[in-house]
Amino acid sequence: MSVYVWSMQAQLRLVSHEEQKVIAPTLAEFNDEVRTFFESVSPRALDGVDGRLNRAKAWRRALFESGLAAIDYPVEYGGRGLGSDHLQVFTQLSKGKTPREDAAFGIGVGMAMPTLRDYGSDELKERFLVAGLSGDEIWCQMYSEPGSGSDLAALTTSAVLDGDEWIVNGQKVWTSGAQHSQFAILLARTDTDAPKHRGITMFVLPMDQPGVTVRPLVQMTGVSEFNEVFLDDARIPRSWVLGEVNGGWSPAVALLGHERRKTGTGSMDGASQSRSKAGRSPLPVAQLIELATQSGRAKDPLVRQDLARLYSGESIVGWIGSRGLHPSIGKLWRTNQGRAAADLAARLAFPASPAWGADLGEEENEIDDYFAYHVLNCRGMSLGGGTDEIQRNTLGERQLGLPREPGPERDTPFKDLPKN
Ligand SMILES: Cc1cc2nc3c(=O)[nH]c(=O)nc-3n(C[C@H](O)[C@H](O)[C@H](O)COP(=O)(O)OP(=O)(O)OC[C@H]3O[C@@H](n4cnc5c(N)ncnc54)[C@H](O)[C@@H]3O)c2cc1C
């Protein structure tokens, strides 16, 4: 059998399995390869490219063409077929170098693709993995609904099989990036007679169709990151199911694991290179030190103490990421770090008042001031991907072995449960 693999020269070519074994780089070779990418390929890919989405796509395409976008994915799906040691090399060397615009692929590459890889049929993997990993297609995540956020299994959006298609009706909310997405990972109820966790199915939903209406919501940052999505007789091909019909809870939890891992261990210092207002990373300490110096507060003992504490926090989040701890631990640390960093930025940048001029920048109506943006944006970090309280509940039940939250619902048919 022959498959496509990436060569060092960044060209897709057909080789046999035997040859693949030969071309797997040593860790030292791989180290050089990754360094070369960040030193020369990455800056060239972004040179002269304007606009957040264009930059995101240009960078991801370059990463993919260099064979570094899917290091541990099977070769036949555009991956490199390498193991965790190679992945670790990339993770270490990419710290602080991944442009923040790449956050546009946080859901697609970070969450949807690994779920497709692990739960998708061959048909779905062939159709979606290469296009998703190379940044040709953008994905969103349709989990939350107006009446079901933390209690995700209470969702009521329905999918009913009609011949060769599923017909979907309902409403989703807080759907990040839906306005830019071609596909969504959708959770919908397919059996109301089953208990609430057992009547849910995970689908791939094509966004570009008459039954899908996306309405952006303006957040307090001025940016419309997330949306309401109305599903009125939206259609999905019968086979576009991940995992089993009515067995969607298992891939749903797996995807949440990827999300928490990503939000808990993503690069902490990505923004130290650039001052982008994309993504959900804590303000880097290097930028806070710069701000303290510029505002003449760098010698203030209380400010220095806060900077030292934040520096420790930033290091700890990095270590949590490399130690394989439960993803909720990383997510809690990171959101705490995000709030503490933003609080210090607010004290340094806006000492006289919490108010600032609502100057609107040109792109997507966002507030022009970088620090003002982050002070407002950091609050959402504690909510997206599950609130802090839910992370603590998860840790209590799964790590500490505490009893489950009380409630009769786990075995009651969904249709007999009280609804919001
Ligand atoms: C920036 C951002 C991006 C997001 N992107 C997406 C997305 O792309 N796709 C998507 O599907 N969703 C997305 N969300 C939604 C997010 O997952 C939900 O906001 C979150 O799960 C909380 O749900 P909720 O807003 O309905 O709050 P609720 O569930 O109503 O919670 C309200 C409050 O009650 C607390 N609470 C609820 N249940 C419990 C409990 N059992 N024990 C203790 N406390 C509890 C919560 O912690 C919270 O403080 C996003 C949210 C944000 C802020």
Nearest 0.05, what FRET efficiency do SER295 and LYS415 give at R0 = 56 Å with Cβ-Cβ as r? 0.40
Quick check: net charge around LEU133, other residues with Cβ under 12 Å of its Cβ, Lys/Arg +1 and Asp/Glu -1? +1
Amide H of ALA194 versus every other amide H placed in the peptide plane: which residues, excluding those fewer than 5 positions away on the same chain, fall under 5 Å? PHE414
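With r defined as the distance between the Cβ atoms of ARG44 and GLN92 and R0 fixed at 22 Å, what FRET efficiency is calculated, to the nearest 0.05? Before the final figure, lay out the partial values.
Numbers: r = 22 Å, r/R0 = 1.02.
Efficiency computed from Cβ-Cβ geometry: 0.45.
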Region 88-111 and region 54-76: distance between their alpha carbon centers, rounded to Å: 10
Taking 0.36 nm per residue of separation between ASP164 and GLN399 and subtracting their Cα-Cα distance, the length gained on full extension comes to 80.4 nm
If I stretch the segment between ALA194 and ASN31 completely, what's the gain in nm (0.36 nm per residue apart, minus their alpha carbon distance), one decimal? 53.6 nm
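Sum up the charges of everything whose Cβ sits under 11 Å from the Cβ of SER382, counting Lys and Arg as +1 and Asp and Glu as -1, but leave SER382 out. Working shown, then result.
Values: positive: ARG280, LYS331, ARG334, ARG339, ARG379; negative: ASP388, GLU389.
Residues near SER382 contribute +3 overall.
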Output ³J(HN,Hα) for region 156-161: one whole-Hz value per residue in order, computed from phi by the Karplus curve 6.51 cos²θ - 1.76 cosθ + 1.60 with θ = phi - 60°, and x for Gly and Pro. 10, 4, 10, 10, 10, 6
Distance (nanometres) between label positions extended 7 Å along Cα→Cβ at GLU228 and ASP208: 2.6
Which is farthest toward the positive dipole end of the chain among THR157, THR190, PRO284, measuring Cα position about the Cα centre, with Cβ charges +1 (Lys, Arg) and -1 (Asp, Glu)? PRO284
Using the Cα centre of the chain as the reference point, and only Cβ charges (+1 on K/R, -1 on D/E), how large is the resulting charge dipole? Debye, rounded to the nearest 20. 1180
What list of whole percents do you get for P(r) of the chain, with Cα-Cα distances grouped in 10 Å bins up to the one holding the largest distance? 4, 20, 30, 27, 15, 4, 0, 0
With the crude spin-label approximation of a point 7 Å out along Cα→Cβ, what separation in nm comes out for SER84 versus LEU302? 4.5
Compute the distance in nm between two label points, each set 7 Å from the Cα along the Cα-to-Cβ direction, one at ASP388 and one at ARG61. 4.2
Lysines near LYS331 by alpha-carbon distance under 17 Å, same-chain residues fewer than 8 away left out - which ones? LYS262
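Can you tell me the convex hull volume per residue for region 140-248, based on C-alpha atoms, in Å³ to the nearest whole number?
Numbers: hull volume 9.8 nm³, N = 109.
Spelled out: Cα convex hull of region 140-248, divided by residues, is 90 Å³.
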Counting only other residues whose beta carbon sits under 10 Å from that of ASP164, what net charge do I get with K and R as +1, D and E as -1? 0
Name the residues of region 46-70 whose amide N is less than 18 Å from a point 7 angstrom out from the Cα of ASP136 along the C-beta direction? 54, 56-70
Computed [θ] at 222 nm, deg cm²/dmol, the chain (DSSP H ≥ 4; -39,500 (n - 2.57); rounded to nearest 500): -11500 deg cm²/dmol
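Every number in this text was worked out from the coordinates using simple rules, so none of it is lab data. Just so it is clear, the structure is predicted and the values come from calculations on it, not from any experiment. Note: ideal-geometry Cβ built from the backbone for every residue, glycine included; neighbour counts use all protein chains shown.
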